[in-house]
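Any read-out appearing in this document is the output of simple, stated calculations on the displayed coordinates, not a laboratory observation. Please read these numbers as outputs of a predicted model, since none were measured by experiment. Here Cβ is always computed from backbone atoms with ideal geometry, including for glycine, and neighbour counts include all displayed protein chains.
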Amino acid sequence: MTEFDLLIARDLRHLLESLAERPDSRIVAGATDFIPLVGAGKWEPRLAIDITRLQELHFIRQTAGWLCIGSLTTHGEAAESPCINDMATALAEACASVADPLIRGRATLGGNLCTASPAADSVPAMLALGAELRLVSLAGERRLPLEEFLIGPGKTALLPGEALAEICLPVSPGHVGSGFLKLGRRRAMAISVANAAAWVSIDGGMISDIRLALGSLAPTVVRCPKAEVSLRGRRVIDIEAEVRAAADGDWLGVVRHDISPIDDVRASGAYRRRVAAPLAQRMVTTALERAKVNI
Amino acid sequence: MTLHSVGIKVNGLLRAAVVPSHMTLLQFLREIVRITGVKDGCAEGDCGACTVIFNGRAVKSCLILAAQADGAEVLTIESLKGPEGELHPIQNAFMELGAVQCGYCTPGMIMTASALLDANPRPTREEIRASISGNLCRCTGYSKIVSAIELAAIRIASLKAGDESCEICGKGKRIRHE
């Protein structure tokens, strides 16, 4: 492995001071991306700052209207958390489908966000759930909607000296449901060919609000604003009738306008374009079913 | 490169060393502690041959920096043997059912199984399959490995229950495994 300096941060203050002093550094937590990518020469950090001792970033807690998840929470912890399964089902499902159980016990949600892979699994779930991120630096803190955090493959809106502290998911009181599904070559250790997450809110038999997010289908994980607009206000029974009739609703054609998939080692762009709509349809249907159960 | 002074409890013994920043826990175990039951397969987190139990949880030791493991408790395959050097029920079950061919994946497979059985003493076949999904075997295939973990679970449960029909304590009749 390429050599790098390592600093073990003692607490959040120590981390922020070190980040401010050394903007050329890279944070390491679960190290499940860090070690293979540094080993392959794709990342060449001069200084790595280990944050695994920062217990202040390791929590899952509920506060007025929000479910807040510390960035050091592992995928395994999120997948097993009763409150994430209950209030953010899509995220629990996404975390349970990442890599394998051994890696899930180390890999952190903050790491999955900051690595900013377009094929990340937890990210579409967080996007569909309307996540906001709390970013901290010596200068203070700011909150950013997740959409604005994702800039490109491997690129985020984190400024030099800034660290991701927590992920905040809004908890809606109404009839809501969510789901996540990935398409990969096998059940474990597969990087998504494509993935989808949906969140819906139902009111009076209509879709009052919806968020649909797709992964591995664009330079970043993306929301599908056009499809969301064409689904908002639709009657739930009409969507269900479409699915029963195996008909492609007009909104599914629209999904293809929200994505720009490429060819790579895992699949062709044309194949990804084909699977995007059925994945999206399945997740919207799953989210609707769950929202109805929650009535 | 920076140097880090670490103390890691390996199979109950505290091992102290000064390690370079880029050294992994796998390298620490094999090259400094000289515990070679931990296998170096791919060294990039894909194969699971280097699986150890780290603070109670099965992990891939190639994906942890040794400096990050300061203060941790690590268990390797070497920790499973009994006071007289006797094999662990999981190891016996692997031998009896032919769940081993070349043997390279076996220590990692068994450590994953050991962590599974600690957390879930009577897993279903499906739960066993899910738990070893990060451990690759390229020769035996997985059926016999799953059966061996299932058999070990039954034996450990009967040992704990003090069941005299357990084969390992030499009393009573052999447990039949379908």
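Structure summary
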quantity: Computed over chain A: relative contact order in percent, which uses C-alpha pairs under 8 Å that are six or more apart; calculated: 16 percent
quantity: Test item: A:239-249 mean partner chain Cβ contacts at 10 Å; calculated: 0
quantity: Proximal aspartates and glutamates to A:Lys292, defined as alpha-carbon separation beneath 13 angstrom and excluding residues fewer than eight positions away on the same chain; calculated: A:Asp203, A:Glu240
quantity: Chain A: calculated mean residue ellipticity at 222 nm from DSSP helix runs of at least 4, using -39500 (n - 2.57); calculated: -9500 deg cm²/dmol
quantity: Neighbour-count ranking [beta-carbon atoms within 10 angstrom, fewest first] of A:Val229, A:Val236, A:Val255; calculated: A:Val229, A:Val236, A:Val255
quantity: Average beta carbon contacts from partner chains per residue of A:105-113, 10 Å cutoff; calculated: 2
quantity: Average Cα contact separation per residue, region A:56-170, under 8 Å, 6 or more apart, as relative contact order %; calculated: 28 percent
quantity: Region B:81-160: C-alpha gyration tensor shape, a/c 1.5 cut-off, then a/b vs b/c; calculated: oblate
quantity: Protection proxy ranking of A:61-67, A:130-136 - average other beta-carbon atoms within 10 Å, highest first; calculated: A:130-136, A:61-67
quantity: Relative contact order (%) - criterion: Cα under 8 Å, at least six apart; region: chain B; calculated: 20 percent
quantity: Sorted by Cβ density within 10 Å, fewest first, the residues A:Ile259, A:Ile191, A:Ile103; calculated: A:Ile191, A:Ile259, A:Ile103
quantity: Three-way shape call for chain B based on the alpha-carbon gyration tensor, with the a/c threshold at 1.5; calculated: prolate
quantity: Chain A: equivalent-ellipsoid semi-axes (sqrt of 5 x gyration tensor eigenvalues, Cα, Å); calculated: 34, 21, 16
quantity: Degrees, to the nearest 10: B:106-119 long Cα axis against longest axis of chain B; calculated: 70 degrees
quantity: Long pairs among B:Lys39/B:Lys144; A:Lys42/A:Lys155; A:Lys42/B:Lys39; B:Lys9/B:Lys60, criterion Cα-Cα beyond 19 Å; calculated: B:Lys39/B:Lys144; A:Lys42/B:Lys39
quantity: Efficiency of FRET from Cβ geometry, A:Lys155 and A:Asp250, R₀ 35 Å, rounded to 0.05; calculated: 0.55
quantity: Distance between region A:44-114 and region A:227-295 - C-alpha centres, whole angstrom; calculated: 27 Å
